[in-house]
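*Asks:* Right, I'll just put the structure down here and ask away after.
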Amino acid sequence: MKTYLVGGAVRDDLLGLPAGDRDWVVVGATQAQMEALGYTAIGRDFPVFLHPHTREEHALARTERKSGRGYRGFVVDADPSVTLEEDLQRRDFTINAIARDEDDGRIVDPYGGARDIEQRVLRHVGPAFAEDPLRVLRAARFMARLAPLGFTVAPETMELMRRMAASGELDALVPERIWQELRKALVAKQPSAFLSTLHEAGALAAILPEVDALYGVPQRAEYHPEVDTGIHQQLVSDMAARLAPGDDLVGFAALTHDLGKALTPAHVLPRHIGHEGAGLKPLAALCERLKIPTEHRQLAQLACREHLNVHRLAELRDATVHELLERCDAFRRPQRVAQLALVCEADKRGRTGSEDAAYPQGPELVRLHAAACAVNARDLAAQGLSGPAIGTALRKARIAAIGAARTLRRPDPP
């Protein structure tokens with residue numbers, strides 16, 4: 001019985017990154033032996049155990065054989081005769097197929113993962129990569145994390161991903177797993193690498209067809225020097241990750257705010273008139289298909305519908321600003337205003353040359369919302385108002401508070 005640290009913990013240590021969860025593989029043991037030593041069995045699809053003291057996961061060394069369609073179509077063999085090299089061979093990328101001996105710290109690297117870390121290459125271990133369609137998504141998600149470190153996808157891995165996408169195997173992925181990988185990518189440092197990797201592999205059309213449809217759609221160069229809406233979306237996603245690190249709510253809303261531009265009639269391009277409302281239908285289809293959580297869906301709908309209104313906040317009348325806040329349900333869910341402001345800022349600064357541009361509309365929207373929230377209905381009731389009269393007076397008082405708090409306003413014409 002021999003224990004090795006494997007996977008991400010070894011990889012990140014070699015990359016000089018902070019340590020995350022540690023996973024272990026045990027060679028030469030049976031389930032009965034593990035349980036006799038005090039380990040708790042938790043694996044459903046293969047033998048995984050919790051250490052009796054550290055509670056870290058320990059899995060028996062295993063091999064996998066393809067037996068059906070999709071990422072669950074495998075037969076697992078966790079016989080004590082399975083070697084460490086055989087266990088590492090079933091893993092997705094060489095940088096994840098490295099182990100460290102628990103006893104002496106020796107690195108076991110049969111597939112060149114350490115070399116690929118030095119050369120900053122994401123490379124699949126072997127032909128078995130093609131048996132699991134989820135690995136295409138994992139490759140893209142890893143790139144969202146590793147691209148800032150200079151990583152690229154190995155040409156042979158990209159070619160294999162293209163063949164997998166063309167085969168239709170990605171259709172077997174269940175919505176929950178797609179959302180899980182997407183969510184992780186959105187909070188990585190460079191979500192654009194997730195999108196560009198899938199797009200280059202021809203897989204984005206199968207995973208997020210509404211987003212893939214944005215590539216090649218032109219925009220007016222005076223507002224969007226990057227021109228291509230797909231490239232704009234990549235820049236917006238990266239800016240959202242920069243402005244709201246770790247916030248997948250803002251990340252998802254930023255990802256989907258411009259879906260309507262893919263529906264703009266060809267004779268109108270490169271202008272996009274009414275793309276906000278047009279984007280709600282593809283957004284609804286995406287959310288339904290991937291079973292997107294309600295909170296993410298609602299913020300995305302707001303960003304899709306309202307982002308141009310926030311951009312032109314200085315032009316809106318006080319009453320129109322109040323209506324915008326009401327459409328956001330901002331008086332019951334106040335956190336939405338700051339989230340919407342961040343999405344809109346990501347949209348404005350997610351353009352070539354605008355990365356460090358000022359966006360006063362975001363703080364202004366938050367400030368006006370705070371001013372409106374400071375109006376207290378109880379104070380109006382104390383003045384003898386009741387019933388519908390309180391609602392009318394509350395609205396007027398909030399609009400007045402918005403007007404008094406404004407710092408951005410287009411000058412009145414002479």
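The values are calculated or read from the model by the stated rules, or taken from the named source; none is laboratory data. Fair warning: this is a prediction, and the values are worked out from it, not measured in the lab. As a convention, Cβ positions derive from the backbone with ideal geometry for all residues, glycine included, and neighbour counts pool all protein chains shown. The area values use the complete protein model at the heavy-atom level, side chains included, leaving out ligands, DNA and RNA. Shrake-Rupley method; radii C 1.70, N 1.55, O 1.52, S 1.80 Å.
*Asks:* Does region 245-362 classify as rounded, prolate or oblate by the C-alpha gyration tensor (a ≥ b ≥ c root eigenvalues; a/c under 1.5 gives rounded; else a/b over b/c gives prolate, otherwise oblate)? Could the numbers behind the result be given before it?
*Replies:* Numbers: a/c = 1.29, a/b = 1.06, b/c = 1.22.
Since a/c stays below 1.5, the shape of region 245-362 is classed as rounded.
*Asks:* With an 8 Å Cα cut-off and a minimum separation of 6 or more residues, compute the relative contact order for region 203-247 in percent.
*Replies:* Values: 32 pairs, mean separation 11.2, N = 45.
Relative contact order of region 203-247: 25 percent.
*Asks:* If you don't mind, another one. Which shape class, rounded, prolate or oblate, goes with region 183-315 when its Cα gyration tensor gives a ≥ b ≥ c as root eigenvalues, a/c under 1.5 marks rounded, and past that a/b bigger than b/c marks prolate?
*Replies:* Values: a/c = 1.31, a/b = 1.16, b/c = 1.13.
It is rounded, given that a/c, with a ≥ b ≥ c, falls under 1.5.
*Asks:* Now a separate question. Answer with a single label: of (1) 23.7, 74; (2) 19.8, 57; (3) 26.0, 87, which was calculated as Rg and Dmax of the Cα atoms in Å from the structure in view?
*Replies:* (3)
*Asks:* Too long at a 31 Å Cα-Cα cut-off: which of Lys2/Lys291; Lys184/Lys261; Lys261/Lys396; Lys281/Lys348? Working shown, then result.
*Replies:* Working: Lys2/Lys291 42 Å; Lys184/Lys261 26 Å; Lys261/Lys396 37 Å; Lys281/Lys348 23 Å.
Too far apart for the 31 Å limit: Lys2/Lys291; Lys261/Lys396.
*Asks:* In whole Hz, what ³J(HN,Hα) sequence does region 274-290 give by Karplus (6.51, -1.76, 1.60; θ = phi - 60°), x for Gly and Pro?
*Replies:* Running phi through 6.51 cos²θ - 1.76 cosθ + 1.60 with θ = phi - 60° gives x, 5, 4, x, 5, x, 5, 5, x, 4, 4, 5, 4, 5, 5, 5, 9 Hz.
*Asks:* Just the number please: accessible area per residue for region 126-249, 1.4 Å probe, all protein chains included, in Å².
*Replies:* Numbers: 4640 Å² over 124 residues.
So region 126-249 comes to 37 Å² accessible per residue, rounded to a whole number.
*Asks:* Quick one: compute the contact order of region 123-210, relative version, from alpha carbon pairs under 8 angstrom and 6+ residues apart, as a percent.
*Replies:* Numbers: 88 pairs, mean separation 38.8, N = 88.
Rounded, it is 44 percent for region 123-210.
*Asks:* Determine, for each peptide in 267-278, 192-203, the mean count of other beta carbons within 10 angstrom over its residues, then list the peptides with the highest first.
*Replies:* Details: 267-278: 14.3, 192-203: 23.5.
Per-residue mean Cβ counts within 10 Å order the peptides as 192-203, 267-278.
*Asks:* I've got another one for you. Rounded, prolate or oblate: pick one for region 5-135, where a ≥ b ≥ c are the square roots of the eigenvalues of its C-alpha gyration tensor, a/c under 1.5 means rounded, and failing that, prolate if a/b is larger than b/c, else oblate.
*Replies:* Details: a/c = 1.82, a/b = 1.14, b/c = 1.60.
The shape class here is oblate.
*Asks:* Order these peptides, 354-366, 241-253, by their mean beta-carbon neighbour count within 10 angstrom, highest first. Can you show the working numbers first?
*Replies:* Details: 354-366: 15.9, 241-253: 21.3.
The packing order, highest mean first, is 241-253, 354-366.
*Asks:* Compute the accessible area per residue over region 1-63, keeping the other protein chains in place, probe 1.4 Å, unit Å². Write out the running numbers ahead of the final one.
*Replies:* On the way: 3210 Å² over 63 residues.
Solvent-accessible surface per residue comes out at 51 Å².
*Asks:* For the peptides 287-294, 395-402, what is the packing order when you average, over each peptide's residues, the other Cβ atoms within 10 Å and list the highest mean first?
*Replies:* Numbers: 287-294: 14.9, 395-402: 18.5.
Packing proxy ranking, top to bottom: 395-402, 287-294.
*Asks:* Ignoring any ligand, DNA or RNA, what whole percent of the accessible area of the chain comes from carbon and sulfur when the probe is 1.4 angstrom? Provide the component values of the computation, followed by the final result.
*Replies:* Details: 9660 of 18840 Å².
Ligands and nucleic acids excluded, carbon and sulfur reach 51 percent.
*Asks:* If you don't mind, there's one more thing I want to ask. Would you work out the relative contact order for the chain, in percent, from Cα pairs under 8 angstrom that are 6 or more residues apart? If you can, show how the numbers build up before the last one.
*Replies:* On the way: 693 pairs, mean separation 40.4, N = 414.
10 percent.
*Asks:* Antiparallel as a % of all DSSP beta bridges within the chain, to the nearest 5? Before the final figure, lay out each step's value.
*Replies:* Details: 20 of 26 bridges.
Roughly 75 percent of the DSSP beta bridges within the chain come out antiparallel.
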